[in-house]
Amino acid sequence: MFDVLIIGGGVSGMSCALVLGSAGNKAFAADKKIGIFTHQKASNLQDALFNNAYGIPAGKLGSEIMSESIEQLTTLYPQVEQISNEKVLRVDGQYPNFTVITNKDSYQTKMIVVAINASNTFAIEGLMQYVVPHKKAIVEKNRIQLQNEDHLVSSGIYVAGTLAGWRSQLSIAAGSGASVATDILTLWNEGKHSQVHDSIRK
């Protein structure tokens, strides 16, 4: 049984995984089982070029960021289980007992973070009732989002990135994933507001 499963290996999903993974030394998070489906074939990063993203050298390719983020998660936080080459097809159940069904297997989890793009090809059974037109996208693009209040779709179901209704900017998506992660950490910490910072201060 996972404590949280993240669906999507793009910017918001990896950001969420990195923040959750970095909390592994906290007592309230030490025993939590975290997983991420790192399926990236549909990520907008495949064709991206970054010149205006804070902290990222100009000319950086989105495809490089994808592979580097997986390597970063593997190296720094190996306790976060990466599930590759599987596509999520259906979500059954309710909090705190969901079943996530892929094209290859099924997984039990207490919470879910949906962090895939806002394409109208979204087709995860069990979540379709939350689909609405995207509120911050050009109408002609026919983008969608999941209904949510501050990233929370329903008990135990979070959404991050463009699918949460945010515009398609790397820094916005990364912040959205980190925001979801800190909300989950707060939940694990019995409601005490929690976040994780790295620091060089002694």
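Beyond 25 Å in Cα-Cα separation lie the following of the pairs Lys26/Lys110; Lys32/Lys192; Lys87/Lys192: Lys87/Lys192. If one computes the Cα centroid of segment 98-161 and of segment 1-23, what distance in Å separates the two points? A separation of 15 Å, based on Cα centres.
For the set Thr186, Thr74, the ranking by accessible area, highest first and with no ligand, DNA or RNA atoms included, is Thr74, Thr186 under a 1.4 Å probe.
With all protein chains in place and a 1.4 Å probe, the accessible surface of segment 147-190 carries 45 percent carbon and sulfur. Taking a straight line from the alpha carbon of Lys136, these aspartates and glutamates sit under 20 Å away, with near neighbours fewer than eight places off in the same chain left out: Glu149, Asp150. Of the Cα atoms belonging to the chain, the radius of gyration and Dmax stand at 16.0, 52 Å.
In terms of Cα to Cα distance under 24 Å, which lysines are near enough to Lys60, apart from those fewer than 8 places away along the same chain? Of all the lysines, those that pass the test against Lys60 - Cα under 24 Å, at least 8 places apart if same chain - are Lys41.
The values are calculated or read from the model by the stated rules, or taken from the named source; none is laboratory data. A quick note: this is a predicted structure, and the numbers were derived from the prediction, not measured. Side chains are part of the model used for accessible areas, which takes the heavy atoms of the whole protein and leaves out ligands, DNA and RNA. Shrake-Rupley method; radii C 1.70, N 1.55, O 1.52, S 1.80 Å.
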